Structure formats: C-alpha cells, structure tokens
1. Relative to the present Cα-Cα distance, how much length would full extension add between Val60 and Glu105 at 0.36 nm per residue of separation?
2. In Å², what does the accessible area per residue of segment 48-107 work out to with a 1.4 Å probe?
Amino acid sequence: MTPLPAGGLANPGDPAYNLSVSGRLDQPTNPDHVLSTSAPKASRAKVHLAAPDRLIWLVVGGIVLWGVWAFGSELMLNLRLNHEVQSLRQGNAQLAASNDQTRKELTVAGSPAAMEEAARKAGFARPGEQVYVIVKPGGSASPVAAGGSASPGLEPGAAARRGAGKRDGGVIGAIEDFWRNLWH
C-alpha cells in the first residue's frame, strides 16, 4: 500500500486514491468532494437494517398492513350488520302481517252479529225471547225424558231430582239432594 502524500489526497489515477475513498480496488470511484458524476459509487459491504431508507419502507409497510386490516374488519362488520338488518326487516314484515290479521279478527269479533253469536253460545237470550233447547236423547236416557214414568208412586219432579243427584254422585250429590228435599 502506498502512503498518502502529506499535502492531501492522492492522485485520482493512483490505486491509493481508490483505497482512501471506497476501500475497494476493483472499481474506480469518485471522491466525496465531487458532486456530479456518471460513475456509480462503490457498494457498501454491510447491510444495515436500521438504514433510513429501509426504516421508511418498514413504516410504510406497517401502515399499509394496518390499513388492510382496518378495511377488512370494517367490511366484515358491514356485512354482519347488513345481514342483521335483513333479518329484522323480515321479522317486521311478519309482525305487520300478523297485526293485519289480528285487526281483521277484531273487526269481525266486534260486529253486533259476532257478539250475539258469542252470547247465545254462552246461554244468553234477549228479554222476552223464548229459547228452545234441542236435546238429542242418548243411550242412557231416563224414562222421564223419554216420556214415561220413573216409578208409579212418585211424581215426575222428584224422579228428575233424584236422577240429577245420581248423576253428580258422591257426597256432594247426596248433600245437594238433601238440601233440595228439605224445602219440598
């Protein structure tokens, strides 16, 4: 290796000049004090991860990843909420149909004819109206209902009361029979 002259840098054509600038002998370089040149600078031997240009790219990459994650999560939230809105609209449509059906039933039930029908089913009649109840005779009809006499020595009312007591049966039926017969 040639020593540097005492007055400054070596001659640009000298190999010692190249050593003083880049440390590489195979590629000619320009000194740092020369600003514009078409020749590339010598590459560095070490790669630094904390170099400013790489740090900027890492930050930009992190921001892009965060943006993609934020957009994706908002997209998923939007899809879930749209599905929920759709199901709620379907529920509202079903409730509206049910409300319409109930309104129709209420208008029909509130009519005078429907009220009269419900009252007649409950056994009510209008004042002064004669009500005829049609009873179909069953297999165990009492002789009084069929037109005959229950027993030859008893009046028909007593036989009907006795038949009613037998239908109730038990202790309550016996008490009812006693109470009815007490006043007659």
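The values are calculated or read from the model by the stated rules, or taken from the named source; none is laboratory data. Everything numeric here is computed off the predicted structure, so don't read it as measured data. Ligands, DNA and RNA are excluded from the accessible area calculation, which covers all protein heavy atoms including side chains. Shrake-Rupley method; radii C 1.70, N 1.55, O 1.52, S 1.80 Å.
1. Here the segment from Val60 to Glu105 would lengthen by 9.5 nm.
2. 93 Å²
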